[in-house]
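Contents: one structure, followed by commentary.
The values are calculated or read from the model by the stated rules, or taken from the named source; none is laboratory data. Note that this is a predicted model, so its numbers are computed, not measured. Reconstructed Cβ throughout: ideal geometry from the backbone, glycine too, with neighbour counts over all protein chains shown.
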Amino acid sequence: MSLNIYQSVDELIKIMADDLMKKVNAAIDNAGECNVVLSGGSSPGRLYELLASYPYKSEINWDNIYFFFGDERCVPFNDPANNGLMVKKTLFEPLKIADSRIFYISTLQTPEEAARKYAKRIIAHFRDKPIRFDLILLGLGDDAHTASLFPHTTVLREQKALVSAVHLEKPTSSRITMTAPLINEAQDIFFLVYGENKAQAVKNVLEGVKNQDEYPAQLIHPEDGNIHWFLDEHAARLLDRVSG
């Protein structure tokens, strides 16, 4: 695991974009394509906007990347809360990414059916190759959730399914998420976390007692991959390795 801490969010986003560019280009050089899983929420929007600008828009071979989503809210595609819509506006449309290279999570079915269909699409894409994403982008909620792996939900114990429905009680809502076992197969995982309100969650996940039901992001620990944490000083302020 690598821990990267920066003074400002702008510096954090810039370094993360640089590292993402290196990883993506290396995967394309090696295999001719790159499979990337994107994160929704508020934090990555700034990263996507930067990637859609120079020099990244010209120094990454965007036509050789396939884009997936780590999770999705069960809302219509035109709902502002839809992760796919956010990424479409900030990244796909500015870069003119072809729809054939984007694997949106459909919310037209029940959450369970949507999860099954998304898993089938992932399996079909990788065909006879191991299902392993080159790069997965993740965020961290102030309750230590990542993707839609929320505390005390049954999906945390899922071992077989690639994608699962998640039903939340407060507030009442449903989501579709990649499961921890699928995420842990990735070659590289980037956590993007910034802000004072994330400090306790970062502390709990990285240095707290092992309690994956309470701190679901602790589930993310690939056996044959790499985790890279990108934090600003506010999010990292409670870590012993920083303050000690």
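A few remarks follow.
- Whichever residue in region 170-210 is in contact with a Pro (Cβ under 9 Å, 6 or more places away or on another chain), of a type outside the set (Asp, Glu) and part of a loop (DSSP other than H, G, I, E, B) and, among such residues, is farthest from Gln159 (Cα to Cα): Gln187
- Per the listing Leu231, Leu156, Leu168, the residue uniquely over 24 Å from Ile122 (Cα atoms) and touching a residue at least 40 places away in the same chain (Cβ under 8 Å) is Leu231.
- Restricting region 168-196 to residues that are within 19 Å of the chain's Cα centre (by Cα) and surrounded by fewer than 20 Cβ atoms within 10 Å (Cβ to Cβ) leaves a set whose member that is farthest from Ala26 (Cα to Cα) is Ser174.
- Restricting the first member to region 172-201 and to residues that are farther than 16 Å from Gly70 by Cα, and the second to residues that are of a type outside the set (A, V, I, L, M, F, W, C), the beta-carbon pairs closer than 6 Å and six or more apart or on different chains are Tyr194/Asp232; Gly195/His234; Glu196/His234; Asn197/Asp142; Lys198/Asp142; Ala199/Arg237; Ala201/Asp142.
- When region 96-129 is filtered for residues that are of a type in the set (Gly, Ala, Ser), in a loop (DSSP other than H, G, I, E, B) and under 16 Å from Ser174 (Cβ atoms), only Ser106 remains.
- Matching entry among Gly40, Gly84 (being of a type outside the set (A, V, I, L, M, F, W, C), assigned to a loop (DSSP other than H, G, I, E, B) and buried (at least 19 other Cβ atoms within 10 Å of the Cβ)): Gly40
- Condition check for Ile28: in a loop (DSSP other than H, G, I, E, B), at pLDDT 95 or above, aliphatic (A, V, I, L, M) and surrounded by 15 or more Cβ atoms within 10 Å (Cβ to Cβ): no
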